[in-house]
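For reference, the structure discussed in these notes is given below.
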Amino acid sequence: MTHILAIDQGTTSSRAIIFDADMAPIASAQEEFDQHFPQSGWVEHDPSDLWASTAATCRAAIEKAGLGVDAITAIGITNQRETTLVWDRATGQPIHNAIVWQDRRTADTCRDLAEHADLVTAKTGLLLDPYFSATKVKWILDHVDGARDRAKAGELAFGTVDSWLIWKLTAGAVHATDATNACRTMLYDIHKGRWSSTICDLLDIPMEMLPEVKDCAADFGTTRPDLFGRAIPIMGVAGDQQAATLGQACFKPGMMKSTYGTGCFALLNTGDTPVASTSRLLTTIAYQLDGKPTYALEGSIFIAGAVVQWLRDGLKMIREAKETQPLAEASDPGQPVILVPAFTGLGAPYWNADCRGAIYGLSRNSGPAELARAALESVGYQTRDLLDAMRADWAGDAGDASLRVDGGMSASDYAMQFLADIIDAPVDRPKVQETTALGAAWLAGHRAGLYPDQAGFAEKWALDRTFTPAMAPEDRAAKYHQWTRAVQATLVFAGAD
């Protein structure tokens, strides 16, 4: 047994990737699934889609690799975080669609709980916001008839997507999560390493429905034999952004990575010390091994790659994401169009759930090229917002201050060069850009004894390209000033003070 199967269950698609004994990806399969938008600001998934697409891609990846199932040593899972599911323990049937991390339906609930915001942050490291799982669980229990009583009776299970997949893979034998997913629920005390009864009581969430919390590299059970031809152990689990932090080998305090998928998520390793942010960033668990958590500061952007999907699916302006680069390169530099992609609110460091997207600087000559450029550049601007906030919070040594990037949008040379220009720091893109899946694979492979320890893994990390800042300082300052004005105007329009 010399291979690892990594499951990467994302917001818009599920993927499975086979890694060999040298941690190189040799085969993959991907399947998109439907997004459901019942109301403005609401986003849901059908739980059966999450499971069916995961199982199908696992089988397809194994077949593409040309391997017998006996070659698979273990499974690692990484997943979209905060997305919330509640299901019946007896039947395994969800009682409601999954409420996705982007969903803003609980904004009023969060406002009603505002007096408890400091308590929530002190225990969880998070801000009181609809982004996280806790108020989503409360909403389901409030709106599904009899759900809370059934939860108190132990009949219902809550889980983020990792827990749902583990439950399905093990035929209900294991109800568990890992520390990185638990810490994103807004129900987990990151200092004590356990579920917070105080917050559960505050939201009237029965603790009987919560999963067991394990290390990222641990025994999460075995798959039911009929799924893939034999029972395969599940040995690694981490939320997608923490898995990418591992996949980027950001093991030393001060190292930073930013992942560009549907959203953008930047993490700064702060070591064994949780750093309280004064810049409205999140204090979170980067990973937990051998019972010891390593902490991070995180900034979350709700819309990154999704802005390109909007150009494709909403405006029908492009057919493929890669078309944005030649369009942006052909745009008129004399038209400073700014796009603030607050389609589901603004994330860090603004945290405004009521904002919606806005475009500034349009003229009669503005067209697809200018919109494509504005879309790609919006990701760079938002990343700078995050990194400036991190630099304000972090007193430790930032080393060479380079930023390691991954995710679908990192393949765009235009976007990455603009990112380096606007943050005024080198941007390093690795050879293996599937770092989220690689992180999950490393966890499982290391646990199984197939892959090396942290130091050995870090030595294998390989650079594809460094993007070096080339923008004149005065241009950088002028462009970023335009962006901050656009964000402030969007906040004012949304009614923010």
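Name the single residue that is surrounded by the most Cβ atoms within 10 Å (Cβ to Cβ) among those in the stretch 208-224 being of a type in the set (D, E, K, R) and part of a strand (DSSP E or B). Give the steps one after another, and end with the answer.
We begin by selecting, within the stretch 208-224, every residue of a type in the set (D, E, K, R); these are 208, 212, 214-215, 219, 224.
Checking the rest, the ones that are also part of a strand (DSSP E or B) come to 212, 214.
Details: Glu212: 14, Lys214: 19.
The residue in question is Lys214.
Only one of the numbered conditions (1) in contact (Cβ under 8 Å) with a residue 12 or more places away in the chain; (2) surrounded by fewer than 19 Cβ atoms within 10 Å (Cβ to Cβ) is not met by Ile205, and that is (2). Scan the stretch 181-203 and tell me whether some residue there is touching a helix residue (DSSP H, G or I) at 6+ places or on another chain (Cβ under 8 Å), within 22 Å of Met23 (Cα to Cα) and among the aliphatic types (A, V, I, L, M). Among the residues of the stretch 181-203, not one is touching a helix residue (DSSP H, G or I) at 6+ places or on another chain (Cβ under 8 Å), within 22 Å of Met23 (Cα to Cα) and among the aliphatic types (A, V, I, L, M), which makes the answer no.
Residues that are in contact (Cβ under 8 Å) with a residue 40 or more places away in the chain, outside the structural domain of Thr83 (by TED's automatic domain parsing) and over 28 Å from Tyr131 (Cα atoms) number at least 2 in none of the strands (runs of 3 or more DSSP E) confined to the stretch 259-374.
Against the test of being within 20 Å of Gly92 (Cα to Cα), touching a residue at least 40 places away in the same chain (Cβ under 8 Å), out of contact with any strand residue (DSSP E or B) (no Cβ under 7 Å at 6 or more places or on another chain) and among the aliphatic types (A, V, I, L, M), the options Leu113, Leu141 yield a single qualifying residue, Leu141.
Within the stretch 422-464, can you find the residues that are among the hydroxyl-bearing types (Ser, Thr, Tyr) and under 18 Å from the mean Cα position of the chain (by Cα)? Across the stretch 422-464, the qualifying residues are Thr435, Thr436. When the helices (runs of 4 or more DSSP H) confined to the stretch 127-200 are screened for residues that are polar (S, T, N, Q) and at pLDDT 95 or above, those reaching at least 2 such residues are found at 133-143, 179-182.
Of note, Ser378 does not satisfy the criterion of being of a type outside the set (Lys, Arg), over 28 Å from Val275 (Cα atoms) and modelled with pLDDT of 90 or more. Applying the criterion of being under 22 Å from Leu246 (Cβ atoms) and acidic (Asp, Glu) to the residues of the stretch 394-427, the residue that is modelled with the highest pLDDT is Asp406. Taken over the stretch 222-231, the criterion of being within 19 Å of Asp8 (Cβ to Cβ) and at pLDDT 95 or above is satisfied by Thr223 alone. Whether a residue is touching a Phe, Trp or Tyr at 6+ places or on another chain (Cβ under 7 Å) and either within 17 Å of Lys168 (Cβ to Cβ) or not assigned by TED's automatic domain parsing to the domain that holds Asp178 (or both) was assessed, and Pro25 does not pass this test.
Meeting the requirement of 3 or more residues that are surrounded by 22 or more Cβ atoms within 10 Å (Cβ to Cβ) and in contact (Cβ under 8 Å) with a residue 24 or more places away in the chain, the strands (runs of 3 or more DSSP E) wholly within the stretch 1-105 are 3-9, 13-19, 72-79, 85-88.
For the stretch 262-289, taking the residues that are polar (S, T, N, Q) and farther than 21 Å from Lys123 by Cβ, the one that is modelled with the highest pLDDT is identified as Asn269.
Could you please let me know if Arg384 is free of Cβ contacts under 8 Å to residues at least 60 places away in the same chain and assigned by TED's automatic domain parsing to the domain that holds Pro469?
No, not satisfied.
For Leu227, state whether it is of a type in the set (A, V, I, L, M, F, W, C) and surrounded by 19 or more Cβ atoms within 10 Å (Cβ to Cβ). No: the conditions fail for Leu227. Here Pro473, Pro469, Pro452 are screened, and the one residue that is touching an Asp or Glu at 6+ places or on another chain (Cβ under 6 Å) and either in the same structural domain as Ile75 (by TED's automatic domain parsing) or over 21 Å from Gly263 (Cβ atoms) (or both) is Pro469.
Of all residue pairs spaced 6 or more apart or on separate chains, those with beta-carbon atoms under 8 Å, a first member in the stretch 186-201 that is in contact (Cβ under 8 Å) with a residue 12 or more places away in the chain and hydroxyl-bearing (Ser, Thr, Tyr) and a second member that is part of a loop (DSSP other than H, G, I, E, B) and surrounded by 19 or more Cβ atoms within 10 Å (Cβ to Cβ) are Tyr188/Ser196; Ser196/Leu187. Restricting Glu63, Glu82, Glu31 to those that are within 20 Å of the chain's Cα centre (by Cα) and over 25 Å from Ile285 (Cβ atoms) reduces the list to Glu31.
Evaluation of Leu50 against the conditions (1) under 25 Å from Cys216 (Cβ atoms); (2) more than 22 Å from the chain's Cα centre (by Cα) shows that the sole unmet condition is (2).
Among the residues of the stretch 419-449, write down those that are small (Gly, Ala, Ser) and assigned by TED's automatic domain parsing to the domain that holds Cys264. Residues satisfying the conditions are Ala420, Ala425. Kindly evaluate Ala470 against the criterion of being closer than 25 Å to Arg384 by Cβ and loosely packed, with under 13 Cβ neighbours inside 10 Å. Yes, satisfied. Filtering the stretch 388-436 to residues that are out of contact with any Lys or Arg (no Cβ under 9 Å at 6 or more places or on another chain), surrounded by fewer than 22 Cβ atoms within 10 Å (Cβ to Cβ) and in a helix (DSSP H, G or I) leaves Asp388, Arg391, Ala392, Asp393, Gly408, Gln417. For the stretch 470-483, does any single residue satisfy the condition of being in contact (Cβ under 8 Å) with a residue 24 or more places away in the chain, farther than 22 Å from Ile166 by Cα and part of a strand (DSSP E or B)? No - not one qualifying residue is present in the stretch 470-483.
The values are calculated or read from the model by the stated rules, or taken from the named source; none is laboratory data. As the structure is a prediction and not an experimental result, all values here were calculated from the model. For neighbour counting, all protein chains shown are included, and Cβ atoms are generated from backbone atoms with ideal geometry for every residue, glycine included.
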